[in-house]
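Trainee: Please see the structure below; I have some questions.
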Amino acid sequence: MKDLEKSNVGNNNGNDNEMEKKWDSIKEDYISKYSELRKEDLSYEKGGISGMFERIGRKRGRTLLQIQHEVSSWR
């Protein structure tokens, strides 16, 4: 799983825009579900959403890949 995660980390640039759009549409629900997340955990600059997902993952004991999957499949 680590190898898969590492390979995805380097290839997220093309996917960042899609993930940013998805994040914008679900962030309020996500934040209310995971109230342990703080403002500093949720900040990112355009094109840097993977860094935010890494912080969320560390805070929640999950991997970057798990957080990305969770966000992309959020309903």
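Trainee: Which of the residues belonging to segment 57-75 are part of a helix (DSSP H, G or I) and without any contact (Cβ under 8 Å) to a residue 60 or more places away in the chain?
Mentor: Gly57, Arg58, Lys59, Arg60, Leu64, Gln66, Ile67, His69, Glu70, Val71, Ser72, listed by residue number.
Trainee: What are the residues in segment 44-56 that are in contact with a helix residue (DSSP H, G or I) (Cβ under 7 Å, 6 or more places away or on another chain) and either in contact (Cβ under 8 Å) with a residue 40 or more places away in the chain or small (Gly, Ala, Ser) (or both), if any?
Mentor: Hits for segment 44-56 are Gly47, Ser50.
Trainee: How many residues, within segment 39-59, are at pLDDT 95 or above and open to solvent by 50 Å² or more (accessible area, probe 1.4 Å)?
Mentor: The qualifying residues number 4.
The values are calculated or read from the model by the stated rules, or taken from the named source; none is laboratory data. Quick caveat, the model's predicted, so the values are computed rather than measured. All Cβ positions, glycine included, derive from the backbone under ideal geometry; neighbour counts span all protein chains shown. Just so you know, the surface numbers come from the protein's heavy atoms only, side chains and all, with ligands and any DNA or RNA stripped out. Shrake-Rupley method; radii C 1.70, N 1.55, O 1.52, S 1.80 Å.
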